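K.L.:
Input: one structure, supplied below.
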Amino acid sequence: MQPKLPLDEKEKAIADKLLKWWQEQQLVTDAQRQQLSDSLEERPGDWRQLSLYAFVVAVSCGVLAFISIFLDDKLLANLKRYFLLSDWAIFLITALVAFAIHYFAYRRQRQMGFTGLSTQVFYISGSLFTATAVTYFAYASGISKVHYPIGIAIAALVYFGTALKLRSVPVWAIGLLALSGWFAAETAWYSNAQGYFMGMNYPLRFLLWSALLGGICWLLPKFKLPKDFVQTTRVFTVLVAFTALWGMGVFGNYGEWERWQAVRQLSMVPWAIAATALSAVAVWAGMKLRETWLRDMGLIFLLINLYSRYFEYFWDHLNKGLFFLFLAASFWLVGRKAEQLWRQK
C-alpha cells in the first residue's frame, strides 16, 4: 500500500487548490491529479494547535500560581520562620532549582533533537525561578535598597546569557521584557517615582526606548546572533513602538491623572494621527516586504487606534444601545472582509 503524506486541514485545502489549478492550466492530467490527491490524507485533528493552547494555559496557570506564592508576604514570612530561611538561602535554593530545570530541559532537547513546545515550557518555568533568585540576591546583597534597578538589569543579563546557551527564543523574549523593565525602573528612580522623567511620561519614554531598540536591532546581525533572536527583537521593538504611540494617543504627554482629565481629548489628535499613520505604513511595508507579522501587527494596531478613538469621542455623546450596535456592526464588517480575504488565499 502506498504511504500517504499526512496534512492538517489547512495544508490539505492548499494542496487541493494547487492541484486543481495545475489541472486547469493543463500542467497535469485528470489521472495525475487524482493520483497525487490520493497520496495525501488529512489528519483527524490539529494536535499541534491543541498542544500549543494547552501549554499556553499551563504556563499562564503556572505564572499565576508563582506570583500568588511569591507575592504573599505572610506566606513567605511563615516559610522563612518555619524553615529558618534567610534571603541568601532562598537565593541559593531558587538558583539551584532554576539551574536544574534548565539543565533537564536542555538534556531533553538534545535527546529529542529539536525544541518542542513542552521543552519551552520548562525553559519558561526555569526563568520564573531565575527571577526569584535574582530578586532575593538583590535583597540579600542590599542592592534593592541602594539602587533596585540594578537587580532588574542583572536579571536581563542572566536571561540573555541563558537564552544564548540554550537557544531558547522565549527566554530571549523574557530578557527583552526584563531589559525594558530596567529602563522603566531606571527612569522612575531618577525621577523619584514622579510622573515625568526629563519632561516625558511613560508612553513617551517608551517611544524613545523603541527607537533605541531599533538601533540595537540594526546592530544585532553584526554579532552573528541566531536569526530567531534577531526576529524576536524586531517584533518586540515594533510592538513597543505601537503600544507607546497608542498610549500617547490616549494620554498625550501627561503623567498625572488630574491633569489628563482636565484637558480635552481632541488635544491628543496629533498623536492619534501619528499612531494611525505608522500602522498604515506597517501594513504597506509588510505587504511590500512580504513580512506577514508586520502587516498583521499594523492591521491590529490600526483597528485598536480606530476603536480607541471611537470610545473616546462617542462614549459620552451617544446612546449606549446605539453605541454597541454600531460597534457590533463594524466588527461584523471587519470579520466579513477578513473572511473574504482568507477565502481568496
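The values are calculated or read from the model by the stated rules, or taken from the named source; none is laboratory data. Note that the structure is a prediction, hence the values are computed from the model and not measured. Backbone-built Cβ (ideal geometry, glycine too); neighbour counts: all protein chains shown.
K.L.:
State the number of residues belonging to the stretch 232-270 that are among the aromatic types (Phe, Trp, Tyr), modelled with pLDDT under 80 and in contact with a Phe, Trp or Tyr (Cβ under 7 Å, 6 or more places away or on another chain). I'd like the intermediate steps shown before the answer.
P.N.:
Step one: filter the stretch 232-270 for residues among the aromatic types (Phe, Trp, Tyr), giving 236, 242, 246, 251, 254, 257, 260.
Now restrict to residues that are modelled with pLDDT under 80: 254, 257, 260.
Subsequent filtering for residues that are in contact with a Phe, Trp or Tyr (Cβ under 7 Å, 6 or more places away or on another chain) retains 254, 260.
The qualifying residues number 2.
K.L.:
Within the stretch 204-224, how many residues are β-branched (Val, Ile, Thr) and crowded, with 17+ Cβ neighbours inside 10 Å?
P.N.:
Within the stretch 204-224, the subset β-branched (Val, Ile, Thr) is 216.
Narrowing the set further to residues that are crowded, with 17+ Cβ neighbours inside 10 Å leaves none.
Residues meeting the conditions: 0.
K.L.:
So if I check each of Trp218, Trp257, Trp209, Trp284, which one is of a type in the set (Phe, Trp, Tyr), closer than 24 Å to Tyr307 by Cα and within 24 Å of the chain's Cα centre (by Cα)?
P.N.:
Details: Trp218 fails: closer than 24 Å to Tyr307 by Cα; Trp257 fails: within 24 Å of the chain's Cα centre (by Cα); Trp209 fails: closer than 24 Å to Tyr307 by Cα.
From the options Trp218, Trp257, Trp209, Trp284, the qualifying one is Trp284.
K.L.:
Which of the helices (runs of 4 or more DSSP H) found entirely inside the stretch 36-147 contain at least 3 residues meeting this: at pLDDT 70 or above, surrounded by 11 or more Cβ atoms within 10 Å (Cβ to Cβ) and small (Gly, Ala, Ser)? Walk me through how you get there before you give the answer.
P.N.:
On the way: elements: 47-70, 73-83, 87-112, 117-141, 143-147.
Ranges flagged: 87-112, 117-141.
K.L.:
Got at least one residue in the stretch 222-233 being assigned to a helix (DSSP H, G or I), under 16 Å from Phe301 (Cα atoms) and among the polar types (S, T, N, Q)? Show your work before the answer.
P.N.:
The first filter runs over the stretch 222-233 and keeps only residues assigned to a helix (DSSP H, G or I), leaving 222-223, 227-233.
Filter once more, so that each one left must be under 16 Å from Phe301 (Cα atoms): none.
Within the stretch 222-233 (the criterion being assigned to a helix (DSSP H, G or I), under 16 Å from Phe301 (Cα atoms) and among the polar types (S, T, N, Q)), the answer is no, since none of the residues qualifies.
K.L.:
Do we find a residue being part of a loop (DSSP other than H, G, I, E, B), hydrophobic (A, V, I, L, M, F, W, C) and at pLDDT below 80 anywhere in the stretch 4-15? Step through it out loud before you land on a result.
P.N.:
Filtering the stretch 4-15 for residues part of a loop (DSSP other than H, G, I, E, B) gives 4, 8.
Then keep just the ones that are hydrophobic (A, V, I, L, M, F, W, C); that gives none.
The answer is no, given that none of the residues of the stretch 4-15 is part of a loop (DSSP other than H, G, I, E, B), hydrophobic (A, V, I, L, M, F, W, C) and at pLDDT below 80.
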